[in-house]
Every structure is written in C-alpha cells, then in structure tokens.
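The values are calculated or read from the model by the stated rules, or taken from the named source; none is laboratory data. The model shown is predicted, which means the values in this text are computed figures rather than measured ones. Heads up, the Cβs are rebuilt from the backbone with ideal geometry, glycines too, and the neighbour counts pull from every protein chain shown. These area figures cover heavy atoms from the full protein model, side chains too; ligands, DNA and RNA do not enter into them. Shrake-Rupley method; radii C 1.70, N 1.55, O 1.52, S 1.80 Å.
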Amino acid sequence: MILYKKEMLPRPQMKSKVILRTKKIDTNYVFSENNQVYLKRKSSIKSTNSNTLYTEEWFPISFCWKS
C-alpha cells in the first residue's frame, strides 16, 4: 500500500474510465413563406481579442414536397 507522505492516508483507488457512445441528431430550423422554404444557418467567428461572435442567417433553399 502506498501512503501519502503528509497525511499518511491510503491513496484512493483509481476508478475505471467509462466511455459512453451517443447518437447525435442533427436538426435545422426551417420556415416557409410565399412558397419559399428557408433554413437557419448558424456560424461563429473568433475575433482578434479571442471572443467568439455568433451569427444567424436565414437562407432560401430549393424544396419540393413529395406525396
């Protein structure tokens, strides 16, 4: 048994590392107006002072419902 020098207590046991695998669901915000569909695009930019600037933009896409 290895003891700490100052406290003379037993060293705690290392627990095994657990890795969980999860599935990520990618989603997008969408809306339609006047028969045009728009998606929301999010982006981030690092500024010169190490701040992160976030922007959001709606852009039109070609979309057709199938029946």
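Leaving ligands, DNA and RNA out of it, work out the accessible area of Trp58 with a 1.4 Å probe and give it in Å² to the nearest 10.
110
What list of ³J(HN,Hα) couplings, whole Hz, do you get for region 19-33 from phi and the Karplus terms 6.51, -1.76, 1.60, once you set θ to phi - 60° and write x for glycine and proline?
For region 19-33, the Karplus curve yields 10, 9, 9, 10, 9, 9, 9, 7, 10, 9, 7, 9, 8, 10, 8 Hz.
Could you derive backbone 3J(HN,Hα) for region 41-46 from the dihedral phi with the Karplus parameters 6.51, -1.76 and 1.60 (θ = phi - 60°), listing whole Hz in sequence and x where the residue is Gly or Pro?
Rounded to whole hertz, the list is 10, 10, 9, 9, 9, 7.
Between Leu20 and Thr55, how many nm apart are label points set 7 Å from Cα along the C-beta direction?
3.6
Take the Cβ-Cβ distance between Tyr29 and Ser67 as r, set R0 to 25 Å, and report the resulting FRET efficiency rounded to the nearest 0.05. Present the calculation step by step, with values, prior to reporting the outcome.
On the way: r = 24 Å, r/R0 = 0.96.
Efficiency, rounded to the nearest 0.05: 0.55.
In whole Hz and in residue order, list the ³J(HN,Hα) couplings for region 53-60 that follow from phi through the Karplus curve 6.51 cos²θ - 1.76 cosθ + 1.60, θ = phi - 60°; x for Gly and Pro.
Coupling constants for region 53-60: 9, 9, 10, 10, 9, 9, 10, x Hz.
Filter Lys15/Lys46; Lys17/Lys42; Lys23/Lys46; Lys40/Lys66 down to the pairs with a C-alpha to C-alpha distance above 31 Å, please.
Details: Lys15/Lys46 38 Å; Lys17/Lys42 34 Å; Lys23/Lys46 28 Å; Lys40/Lys66 22 Å.
Violating the 31 Å Cα-Cα cut-off are Lys15/Lys46; Lys17/Lys42.
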